[in-house]
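Working notes for the structure below.
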Amino acid sequence: MNALIVYAHPEPRRSINAALRDVATATLRELGHDVVISDLYEQKFDAVAGPGDFTRLVNPEHFGLVHEQRHAAAERAYVRAILDEQDKLTAADLVIFQFPVWWYSVPAILKGWADRVLSYGFAYTDDNVFETGLLRGKRALVSITTGGSEVELAGDRDYTGTVEQFLKPFLGGVLGYVGMTVLPPCIAFAPAELELEDRIRQLEALRAAVLHATIMNR
Ligand SMILES: Cc1cc2nc3c(=O)[nH]c(=O)nc-3n(C[C@H](O)[C@H](O)[C@H](O)COP(=O)(O)O)c2cc1C
């Protein structure tokens, strides 16, 4: 199996997000799977979609992102940073997203990755969404950390929705939209507030989720 880990955290080594990424990587490699990591901050991945995404524009007078993506798909008329991510996705059977919850959502660098990489003609078309999305057959496992504890976040739900609700736009509206099989998310609540043994439990929970992702039937 080929796995891609999309890592969206500004600290590459010492954060709990880095530890979770490393557990996922080690679990997969121990089983003999190939793992490729997209470290978006290390790659200095540009989060802002726009004319600079393309090697040529079909309508430079009136820029339309979806319109340009529609034309770029067939000719791969994308800049290298986008083609590299698309090629990694094409090769991947399992994609793991590791990131902290920021503003009840994904970090901007990951949102930008979705805007630019999961493009029209590559990941979806008008006729290819959800079950028929162009990335169908790939599994997606989302692994997040939060600042708030499970109890604190539950207490905020009248303002923010539940965790399941505020993750829905990314899980369903992005990953599900392009056809991926979205696995139950792995949530490490408030790791900064935990004792070491509870943090280890969070790492073990991700290990179990990754193992499950590798053995489940499609
Ligand atoms: C810009 C920003 C926004 C944040 N928004 C939230 C939030 O909406 N909900 C939450 O529980 N924690 C929030 N946090 C806290 C982070 O989720 C938390 O620091 C992180 O998950 C801890 O993992 P780390 O130590 O690997 O960074 C936010 C942090 C930052 C910097």
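The values are calculated or read from the model by the stated rules, or taken from the named source; none is laboratory data. Small disclaimer: the values here were computed from a predicted structure and weren't measured. No Cβ is skipped: glycine too gets one built from the backbone with ideal geometry, and neighbour counts run over all protein chains shown.
In segment 87-110, of all residues being without any contact (Cβ under 8 Å) to a residue 12 or more places away in the chain and not in a strand (DSSP E or B), the one that is nearest to residue 139 (Cα to Cα) corresponds to 90. In segment 137-162, the residue that is nearest to the ligand (Cβ to nearest atom) out of those that are hydrophobic (A, V, I, L, M, F, W, C) and over 22 Å from residue 19 (Cα atoms) is 153.
Here is a yes/no grid of residues against (1) of a type in the set (Phe, Trp, Tyr); (2) touching a strand residue (DSSP E or B) at 6+ places or on another chain (Cβ under 7 Å); (3) over 30 Å from residue 155 (Cα atoms):
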position	(1), (2), (3)
38	no, yes, yes
44	no, no, yes
50	no, no, yes
54	yes, yes, yes
58	no, no, yes
66	no, yes, yes
83	no, no, yes
108	no, no, no
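Would it be correct to say that residue 68 is away from the ligand (no atom under 16 Å from the Cβ) and out of contact with any Phe, Trp or Tyr (no Cβ under 9 Å at 6 or more places or on another chain)? The answer is no for residue 68. Of the numbered criteria (1) β-branched (Val, Ile, Thr); (2) surrounded by fewer than 17 Cβ atoms within 10 Å (Cβ to Cβ); (3) under 16 Å from residue 96 (Cα atoms), the one residue 200 fails is (3).
May I ask you to verify whether residue 73 is not polar (S, T, N, Q) and not in a loop (DSSP other than H, G, I, E, B)? Criteria met by residue 73.
Consider residue 20 carefully, then state whether it is over 18 Å from residue 108 (Cα atoms) and part of a loop (DSSP other than H, G, I, E, B).
For residue 20, the condition - over 18 Å from residue 108 (Cα atoms) and part of a loop (DSSP other than H, G, I, E, B) - is not met.
The number of residues in segment 111-155 that are closer than 28 Å to residue 211 by Cβ and assigned to a loop (DSSP other than H, G, I, E, B) comes to 12. Close Cβ contacts (under 9 Å, 6 or more residues apart or on different chains) running from residues in segment 140-169 that are within 13 Å of residue 193 (Cα to Cα) and surrounded by fewer than 14 Cβ atoms within 10 Å (Cβ to Cβ) to residues that are hydroxyl-bearing (Ser, Thr, Tyr) and at pLDDT 95 or above comprise 152/146.
Which of the residues spanning segment 19-66 are farther than 20 Å from residue 2 by Cα and crowded, with 16+ Cβ neighbours inside 10 Å? Break it down into steps so the answer makes sense when it comes.
Restricting attention to segment 19-66, the residues satisfying the condition of being farther than 20 Å from residue 2 by Cα are 19, 41-66.
The answer is 19, 45, 46, 47, 49, 53, 54, 57, 65.
For residue 174, the stated conditions do not hold, so it cannot be described as buried (at least 17 other Cβ atoms within 10 Å of the Cβ), outside any helix (DSSP H, G or I) and not polar (S, T, N, Q).
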